[in-house]
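Values in this text are rule-based calculations from the coordinates and carry no lab data. Values in this document were obtained by computation on a predicted structure and should not be read as measured data. Don't worry about glycine lacking a Cβ; one is built from the backbone with ideal geometry, like all the others, and counts go over all protein chains shown.
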Amino acid sequence: QLKLINNQIWQVARNVRQWLELENKNDFNQLRQAVENKGVMVFVTNGYKGKWQIDKQNPVRGFSLYYDSLPIIVIKKQSSKGAQAFTLMHELAHLLLHKKSMIDEAEDFFIYQGNEKEANEFAGNILVPNNFLSQINSDELITLDVEEYDNYLKSFKKQWCVSGQVILIRLLRSG
């Protein structure tokens, strides 16, 4: 179990990012492969026919099953690879930080307390580490209308496999 020192989740995320051997560019398949290379089984449901899928109407986005020998992450196929990547890293946080099995519904990705807060911050910091943020001209960004943010961040969203919301939250939290 990884220990947080002074709630410095970004330091833990940086170390895990190195452990996973992630590059400066992410895509969901690379992230999934990196997690699987460390001995975690990752399943994406709803891309295939079968009764084992998570029902599309079910609010569950993913879950993690903690086992010492072969932990498992299950992710419901989502509308974007960025959402799937965030769910993957959120579930990985539960395995590494909390050593717990967890079921996460859509609303859990907007909770800012306890284990869910830590998992959300971990996922954001893994996908958009501090050194990525320096690539964004925040002085230019703040001169734009809010409606223009998504287009301005388009290339970063694609390069890092995240939503604009993840980037904006990371910028806000980093000051």
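Can you tell me the FRET efficiency between residue 138 and residue 158 if r is taken as the Cβ-Cβ distance and R0 is 30 Å, rounded to the nearest 0.05?
For R0 = 30 Å, the calculated efficiency reads 0.95.
How much length would be gained if the chain were fully extended between residue 147 and residue 30, taking 0.36 nm per residue of separation minus their Cα-Cα distance, in nm to one decimal?
39.1 nm
Sort 138-150, 63-75, 90-102 by the packing proxy (mean of other Cβ within 10 Å over each peptide's residues), most packed first.
Final packing ranking: 90-102, 63-75, 138-150.
Quick one: compute the contact order of segment 52-131, relative version, from alpha carbon pairs under 8 angstrom and 6+ residues apart, as a percent.
After rounding, I find 31 percent.
How large is ³J(HN,Hα), in whole Hz, for each residue of segment 71-77 in order, when computed from phi with the Karplus curve 6.51 cos²θ - 1.76 cosθ + 1.60 and θ = phi - 60°, using x for Gly and Pro?
Karplus values, whole Hz, x for Gly and Pro: x, 10, 10, 10, 10, 6, 4.
Using only DSSP helix segments of four residues or longer, with each worth -39500 (n - 2.57), what per-residue ellipticity at 222 nm results for the chain after dividing by its residue count and rounding to 500?
-12500 deg cm²/dmol
What is segment 71-114 by shape, rounded, prolate or oblate, if you read a ≥ b ≥ c off the alpha carbon gyration tensor as root eigenvalues and call it rounded for a/c under 1.5, prolate for a/b larger than b/c, and oblate otherwise? Show your work: numbers first, answer last.
Numbers: a/c = 1.97, a/b = 1.27, b/c = 1.55.
The shape class here is oblate.
If I take all pairs of Cα atoms in segment 21-101, what percentage of them are more than 17 Å from each other?
That tail contains 45 percent of the Cα-Cα pairs.
Quote to one decimal, in nm, the extra length available between residue 99 and residue 41 on full extension: 0.36 nm per residue of separation minus the C-alpha distance between them. Please report the intermediate quantities before stating the final value.
Values: separation 58, 0.36 × 58 = 20.88 nm, distance 1.52 nm.
In short, 19.4 nm is gained.
Could you grab the relative contact order for the chain? Cα pairs under 8 Å, six or more apart, rounded to a whole percent.
The value is 25 percent.
Each residue of segment 111-123 in turn: what ³J(HN,Hα) in whole Hz from Karplus with 6.51, -1.76, 1.60 and θ = phi - 60°, glycine and Pro shown as x?
Using θ = phi - 60°, the values come out as 9, 10, 8, x, 4, 5, 4, 4, 5, 5, 5, 4, 4 Hz.
Can you compute 3J(HN,Hα) from phi for each residue in segment 87-93, using the Karplus curve 6.51 cos²θ - 1.76 cosθ + 1.60 with θ = phi - 60°, rounded to whole Hz and x for Gly and Pro?
4, 4, 6, 4, 5, 4, 4
Out of residues 5 or more away from residue 44 or on other chains, whose amide H comes under 5 Å of its own, with H placed 1.01 Å from N in the peptide plane?
Under 5 Å from the amide H of residue 44 lie the amide H atoms of 75, each far enough along the sequence or on another chain.
Return the distance in nm (one decimal) between the two label points of a simple spin-label model at residue 53 and residue 110, each offset 7 Å from Cα along Cα→Cβ.
Between residue 53 and residue 110, the label points sit 2.5 nm apart.
Out of residues 5 or more away from residue 101 or on other chains, whose amide H comes under 5 Å of its own, with H placed 1.01 Å from N in the peptide plane?
HN-HN under 5 Å from residue 101: 66.
Amide H to amide H, which residues 5 or more places from residue 61 or on other chains are under 5 Å from it, using H placed in the peptide plane?
Result for residue 61 returns 104, 105, 106.
Charges at C-beta only: +1 for Lys and Arg, -1 for Asp and Glu. How large is the resulting dipole of segment 34-116 about its Cα centre, in Debye rounded to 20?
Working: 10 positive and 9 negative charges, 73 e Å.
Dipole of segment 34-116, to the nearest 20 debye: 340 debye.
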